[in-house]
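The values are calculated or read from the model by the stated rules, or taken from the named source; none is laboratory data. The structure presented is a predicted model; accordingly, all values stated were derived computationally and were not measured. Every residue, glycine as well, gets a Cβ built from its backbone with ideal geometry; the counts of neighbours run over all protein chains shown. These area figures cover heavy atoms from the full protein model, side chains too; ligands, DNA and RNA do not enter into them. Shrake-Rupley method; radii C 1.70, N 1.55, O 1.52, S 1.80 Å.
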Amino acid sequence: MDYINVIIADLSQLSRLGLITLLNRMKYPFHIREISTPDKLTALPAKDQTGIFLISSAFLRKCPPSLIHSLQTRLDSMARLLISDGEPGPEKNFRFSDIIDSTDPGKNITRKLEKQLSLIYTQKEGPDSPEGISDREKEVLRLVAVGLTNKEIGDKLFISSHTVITHRKNITAKLGIKTIAGLTMYALINHLIVPEEKPDTQ
Amino acid sequence: MAEVIHLNYHLLPIISRFGIHLGFGDKTIEQLCTEYNLDLNFFLVILNSYHDKDYFPRKHLQGFPVKLIIEYLRKSHDYYLTIKIPLIDKLLKQLSLKDKGLNGESMQLIDKFFNEYKDELSTHIQREEEKVYPYIFTVEEAFRQGQANSDLVALIRKYSIDDYESEHDNVEDKLYDLQNIIIKYLPPPLDMNLCHTILMEMFRLETDLYDHARIEDMVLVPKVRYMEKWIEEHFTP
């Protein structure tokens with residue numbers, strides 16, 4: 001699984017840092033890019049990229065209509081989240097996947113991001129890895145490797161513990177790895193998780 | 001004896017576990033057993049069950065006293081902890097020195113994984129030696145003398161040998177996983193030959209552990225289970 005691209009378009013450095021802190025706490029393999037001014041948006045990645053695009057209302061208000069229009073096309077395959085400050089802006093011209101209130105507590109913001117991530121993992125239909133592990137299985141594997149229980153994994157991915165167990169059985173059958181320690185090692189080798197995420201004690 | 005070793009060199013660690021040193025000339029197995037004060041029948045049964053995977057005289061093995069079986073199991077524990085594991089450890093360190101640059105990260109992962117495995121194996125063995133075996137001796141003594149008090153019956157009810165049987169799997173699975181990860185998923189190390197040596201040592205350890213567990217689970221456990229049941233039936237207040 002590749003890293004998940006996250007683009008943060010926000011004028012305020014403090015807000016960007018705040019979001020980055022929140023994101024890092026979620027322990028996903030994020031690849032985060034910050035964009036501080038609209039002119040830098042032109043250097044955005046090509047079309048069809050998946051990931052999360054976070055943009056603040058203030059930032060959006062600074063964007064010329066032509067840019068907003070081209071953004072809409074280019075970011076079509078990304079989850080687009082508006083960080084709203086409550087002031088009306090040109091967001092009506094832009095279709096958002098969800099809206100985050102900038103005064104929301106961190107927990108709510110995390111929940112909204114989790115929801116988008118879950119959708120990303122479900123929709124991702126890239127070619128399977130050589131071992132035949134699907135993206136959904138990779139996501140389960142990732143969460144097993146960071147030490148979550150079946151129940152916690154189910155809650156995070158909006159699936160039942162029973163489904164989690166089925167995924168885990170398939171993963172073990174496909175990889176030929178039975179223990180959590182082994183799965184964690186596989187996840188580390190394949191960069192599904194970063195080393196700090198691994199629980200220290202087994 | 002020498003002929004047996006020529007026939008199957010995998011038996012070398014087994015005879016060394018019984019304390020037999022090399023340089024035994026043309027002595028027969030019987031002569032060596034007398035010399036080293038070993039139970040000839042038990043020695044032969046163990047040699048045969050390691051030599052031929054299909055030969056496993058469960059009933060016959062169960063006829064030996066628990067003390068003999070546990071003594072042997074203890075010696076194998078000692079062999080794993082003082083010879084086999086340190087050897088694999090040393091080889092892994094050599095590999096990691098050579099692979100510092102290219103596969104540094106992977107080598108660290110293997111090291112860490114193996115260390116965890118080592119700890120788990122030691123804890124498992126320690127538990128067997130400090131808790132399980134003394135328990136078995138108590139049960140056997142009571143069975144032999146045909147005497148048991150209510151404390152022992154309570155102990156049997158609280159901790160039965162069946163609890164212990166289920167603990168083997170995880171230790172075995174971990175070693176298997178490590179081998180599989182090295183074979184299938186890690187980038188190839190610079191020193192292929194060294195890596196092959198390590199894998200072969202791991203396979204040997206795995207086979208040995210498997211045979212060891214087989215004796216525990218199929219010989220020792222049923223024997224103890226039988227005695228537990230007998231004590232419970234005869235001494236339940």
TODO: Count, please, the residues in segment A:139-168 that happen to be modelled with pLDDT of 90 or more, of a type outside the set (A, V, I, L, M) and under 18 Å from residue B:177 (Cα atoms).
DONE: 2
Task: Residue count for segment A:179-189, restricted to those that are in contact (Cβ under 8 Å) with a residue 12 or more places away in the chain and within 10 Å of chain B (Cβ to nearest Cβ) - done: 6
- [ ] Give the residues of segment A:22-45 that are under 20 Å from residue A:118 (Cα atoms) and without any contact (Cβ under 8 Å) to a residue 60 or more places away in the chain, sorted by residue number.
- [x] A:24, A:30, A:31, A:32
- [ ] Can you tell me which residue within segment A:158-178, out of those that are more than 14 Å from chain B (Cβ to nearest Cβ) and assigned to a loop (DSSP other than H, G, I, E, B), is nearest to the chain's Cα centre (by Cα)?
- [x] A:158
Task: Selection count where residues are at pLDDT below 85, open to solvent by 70 Å² or more (accessible area, probe 1.4 Å) and within 27 Å of residue A:142 (Cβ to Cβ), scope segment A:27-46 - done: 2
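So that you can scan it fast, the table gives a plain yes or no per residue for (1) assigned by TED's automatic domain parsing to the domain that holds residue A:23; (2) under 19 Å from the mean Cα position of the chain (by Cα); (3) more than 18 Å from residue A:35 (Cβ to Cβ):
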| site | (1), (2), (3) |
| --- | --- |
| A:54 | yes, yes, no |
| A:57 | yes, no, no |
| A:63 | yes, no, no |
| A:74 | yes, yes, no |
| A:78 | yes, yes, no |
| A:99 | yes, yes, yes |
| A:102 | yes, yes, no |
| A:107 | yes, yes, yes |
TODO: Would you point out the residue of segment B:213-226, among those that are in contact (Cβ under 8 Å) with a residue 60 or more places away in the chain and open to solvent by 10 Å² or more (accessible area, probe 1.4 Å), that is nearest to residue B:153 (Cα to Cα)?
DONE: B:225
TODO: Residues being in a helix (DSSP H, G or I) and either within 9 Å of chain B (Cβ to nearest Cβ) or buried (at least 18 other Cβ atoms within 10 Å of the Cβ) (or both): count how many of those fall in segment A:147-157.
DONE: 4
Open item on the list: With the requirement that a residue be away from chain A (no Cβ under 13 Å), open to solvent by 30 Å² or more (accessible area, probe 1.4 Å) and of a type outside the set (Ser, Thr, Tyr), what does segment B:89-123 give you?
Closed with: B:90, B:93, B:94, B:97, B:98, B:100, B:101, B:102
